[in-house]
Amino acid sequence: MIEVKHITKTYGKKQNAFVALDDVSLTIPKGASVAILGKSGSGKSTLMHAMSGLDRPEKGEVIIDGQNILKLKQKAVDRFRAEKIGFIFQSFFVQGNESVYDNVSLPLEIARVSRGKRKARVDEALRAVELTDKTKSKARNLSGGQKQRLAIARAIANEPSIIFADEPTGNLDSVTGDKIEKLLFGYNKQKNVTLIIVTHDPELAAKCDMLVNIKDGKIESIEQADVKAAKVTRRVTKKVQ
């Protein structure tokens, strides 16, 4: 479970101060798929950074499995992320000059996983995203869709309990985007991994169990899957009538 309590994050000082998050609170159950939805500048990426320990807000708490990660020292936060969290970004952030294998192996090395276990986990992650035929290829030679699959393999290799995906299909065509979505939601359901997707795409957001709408640094609304389903049912009924 992730509990966010009264998070406030401000950038700049005095007259140049900008409140990116303003007293934000929410609770995310373990194994849920969650969309954080909002326009550019709404605060959705800042919220992801705060929840994952990539950024430290001035106020509030982020409690993951009973532990407030904002109270940890930086080295402890880094280790926590390496062991518990996987990241997938819109721009892929793969190491172009490194092989596919080495890209996936890197977070395992950071987490100090033994060499023998690393190979098994890398092989399993590449099988999951159907990239075993590209193991020795340089990452720069992959297509956009393959790079995103590589990013997913890297994110899941350490068997994280939480995956953060920031606009994971934003740079992809619709067909490739659909494949990436199936990979992410499939992993979420099969492994009971909490999946948090930052997006401005309402269609992608609608596929999640929980939808968090954020605007101007504040949560505008939180919808659960049953509420969304009821709305869809009402729309369909109206059309039939």
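Here is the figure for segment 11-31: residues that are in contact (Cβ under 8 Å) with a residue 12 or more places away in the chain, closer than 20 Å to S42 by Cβ and among the small types (G, A, S) total 2. Is it the case that P160 is within 17 Å of the chain's Cα centre (by Cα), touching a residue at least 24 places away in the same chain (Cβ under 8 Å), farther than 17 Å from Q190 by Cβ and not in a helix (DSSP H, G or I)? No; evaluated as a whole, the condition is false for this residue. Is it the case that G170 is under 15 Å from the mean Cα position of the chain (by Cα), among the small types (G, A, S) and part of a loop (DSSP other than H, G, I, E, B)? Criteria met by G170. The number of residues in segment 158-193 being modelled with pLDDT under 90 and of a type in the set (G, A, S) comes to 3.
Of all the residues that make up segment 111-122, how many are loosely packed, with under 15 Cβ neighbours inside 10 Å and either under 10 Å from A153 (Cβ atoms) or touching a residue at least 60 places away in the same chain (Cβ under 8 Å) (or both)? Let's see the steps before the verdict.
The initial filter retains those residues of segment 111-122 that are loosely packed, with under 15 Cβ neighbours inside 10 Å, namely 112, 114-117, 119-120.
Next cut, either under 10 Å from A153 (Cβ atoms) or touching a residue at least 60 places away in the same chain (Cβ under 8 Å) (or both) only: none.
Adding up the residues that qualify gives 0.
K179 falls short on exactly one of the conditions (1) more than 11 Å from the chain's Cα centre (by Cα); (2) under 17 Å from F87 (Cα atoms), and that condition is (2).
Just a yes or no: is a residue in segment 125-145 in contact with a Pro (Cβ under 8 Å, 6 or more places away or on another chain), touching a residue at least 12 places away in the same chain (Cβ under 8 Å) and not aliphatic (A, V, I, L, M)? No, that holds for no residue. Considering segment 43-52, and only residues there that are more than 14 Å from D23 (Cα to Cα) and touching an Asp or Glu at 6+ places or on another chain (Cβ under 8 Å), the residue that is surrounded by the most Cβ atoms within 10 Å (Cβ to Cβ) turns out to be S45.
The values are calculated or read from the model by the stated rules, or taken from the named source; none is laboratory data. Here the structure is a predicted model, which is why all the values come from computation and not from measurement. Positions of Cβ are backbone-derived with ideal geometry, glycine not excepted, and every protein chain shown enters the neighbour counts.
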